[in-house]
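**Q** Structure in C-alpha cells, see below.
The values are calculated or read from the model by the stated rules, or taken from the named source; none is laboratory data. Please read all numbers here as calculations on a predicted model, not as lab measurements. Every residue, glycine among them, receives a Cβ derived from its backbone with ideal geometry; neighbour counts consider all protein chains shown. Side chains are part of the model used for accessible areas, which takes the heavy atoms of the whole protein and leaves out ligands, DNA and RNA. Shrake-Rupley method; radii C 1.70, N 1.55, O 1.52, S 1.80 Å.
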Amino acid sequence: VQQRIGYCPQFDALLDHMTGRETLSMYARLRGIPERYIGSCVENMLRGLLLEPYANKLIRTFSGGNKRKLSAGISLIGGPPVVFLDEPSTGMDPVARRLLWDAVARTRECGKSIIITSHSMEECEALCTRLAIMVNGQFKCLGSPQHLKSKFGSGYTLLAKTHCDEEGHVEDFKAFVEKTFPDSILKHEHQGMVHYHLTNKNLSWAQVFGTLEKAKEKYCIEDYSVSQISLEQVFMSFTRFQHYTEDREK
C-alpha cells in the first residue's frame with residue numbers, strides 16, 4: 001500500500017545526514033521503480049523543482065523552502081496513484097511555489113488522485129478541481145472553486161478610497177453607496193478606505209462601474225475596484241463559525 005501512496009507531511013520528515021539526491025533515490029526504490037530508471041527519474045524531479053544546485057548537499061544545510069520542495073518531490077516521485085499533500089508550499093518563495101504547482105498539475109493530468117490540505121486559497125484555485133471547506137471538523141461545502149464562488153459569494157466586492165481628509169466625505173460616500181446599492185453590507189472602513197459587499201445579484205459590471213465613475217469627483221474618490229467575491233472571502237465567511245476548543249477549555 002505504501003508503495004502506491006505519496007505523502008508530504010506538514011513538518012518535513014527528512015534525514016539530515018543524507019543528500020537530496022540520495023533521499024530521492026531511496027524513495028524511488030521504495031516506490032518500486034526499476035533500478036535502471038531511478039537515475040533519470042531523480043534527475044527529472046531535481047530539475048523540475050530547481051533543486052539541482054543542492055542535490056549533493058546534506059539536507060541539514062537546506063533552507064526551509066528547499067526542504068519543503070524536497071518533501072514534495074518525495075511524495076511525487078514514481079507517480080503513485082494517490083498523493084496526500086499537507087500544506088505543501090508553506091515557506092516557499094513565489095517561483096518555487098509555482099514550480100511545485102506545475103509539478104502537481106502534471107501529476108494530476110496523468111490521472112493520479114491528489115488530496116491537498118491548504119490555507120492558501122490561491123493554491124486551491126490553481127490546483128483543485130474540487131474543493132471542500134472544513135469548519136470544526138465538518139465539511140461545509142464541496143464543488144469546483146467557481147461553483148463555490150457563484151453559490152456562496154454572490155454579488156461584488158467594492159473597495160474605494162476617498163482622498164479628502166474630512167470625515168464628511170466618507171460619510172457622504174457611504175450614504176451614496178447604501179442608497180444606490182440597496183442591501184449592500186459595509187465590511188470594514190479604515191482611514192478613508194471602505195470595503196462593501198454589494199449583494200444584489202442582478203447588478204451588472206457596467207452598472208456598478210458607470211455609477212462609480214459618475215460619483216468619482218463628487219465624493220472625492222481617489223481610486224476604487226470592483227471584483228467578484230474571491231475564494232478567500234468565501235473561505236472567511238465559513239470560518240466565522242469556527243470555534244477553538246482549546247480557548248474555551250481555558
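**Q** Given bins 10 angstrom wide, list per bin the percent of all Cα-Cα distances in the range 1-139, short to long.
**A** Each 10 Å bin holds this share of Cα pairs: 12, 45, 34, 9, 1.
**Q** Which is the longest part of the chain that has none of the chymotrypsin sites (Phe, Trp or Tyr not before Pro) sitting in a DSSP loop with at most 12 other Cβ atoms within 10 Å?
**A** Maximal segment without exposed cleavage sites: 12-240.
**Q** Per residue, what accessible area does the chain have, given a 1.4 Å probe and all protein chains present, in Å²?
**A** Result: 58 Å² per residue.
**Q** Quick check: at a probe of 1.4 Å, how many percent of the accessible area of the chain sits on carbon and sulfur atoms?
**A** 52
**Q** On a 25 Å Cα-Cα criterion, which of the cross-link pairs 179/216; 149/216; 69/140; 69/149; 140/187; 179/214 come out too long?
**A** 149/216; 69/140; 69/149
**Q** How far apart, in nm, are the 7 Å Cα→Cβ label points at residue 175 and residue 18?
**A** According to this spin-label approximation, the distance is 7.0 nm.
**Q** Still on this structure, I have one more. Angle check, please: helix 205-215 long axis (alpha carbons) against the longest principal axis of the chain (alpha carbons), in degrees 0 to 90, nearest 10.
**A** 50
**Q** Could you check the spin-label model distance between residue 187 and residue 213? Points 7 Å from the Cα along Cα→Cβ, value in nm.
**A** For residue 187 paired with residue 213, the spin-label model returns 2.5 nm.
**Q** For residue 43 paired with residue 163, estimate the spin-label separation in nm (one decimal), with each label point 7 Å from Cα along the Cα-to-Cβ line.
**A** According to this spin-label approximation, the distance is 5.8 nm.
**Q** From the protein chains alone at 1.4 Å, what is the descending order of accessible area for 18, 26, largest first?
**A** The most accessible residue leads, giving 26, 18.
**Q** Continuing with this model, one more query. Taking loop as defined by DSSP and a crowding limit of 16 other beta carbons within 10 Å, which trypsin sites (Lys or Arg not before Pro) in the range 114-157 fit?
**A** 130
**Q** Suppose accessible area is computed on protein heavy atoms with a 1.4 Å probe; arrange 187, 112 from highest to lowest.
**A** Order by accessible area, largest first: 187, 112.
**Q** Another question, then. For the Cα atoms of the chain, what angle does the longest principal axis make with the long axis of helix 167-180, in degrees from 0 to 90, nearest 10?
**A** With both axes taken from Cα atoms, the answer is about 90 degrees.
**Q** Right, something else. If R0 is 25 Å, what FRET efficiency do you get for residue 10 and residue 106 from their C-beta distance, rounded to 0.05?
**A** After rounding to 0.05, the efficiency reads 0.65.
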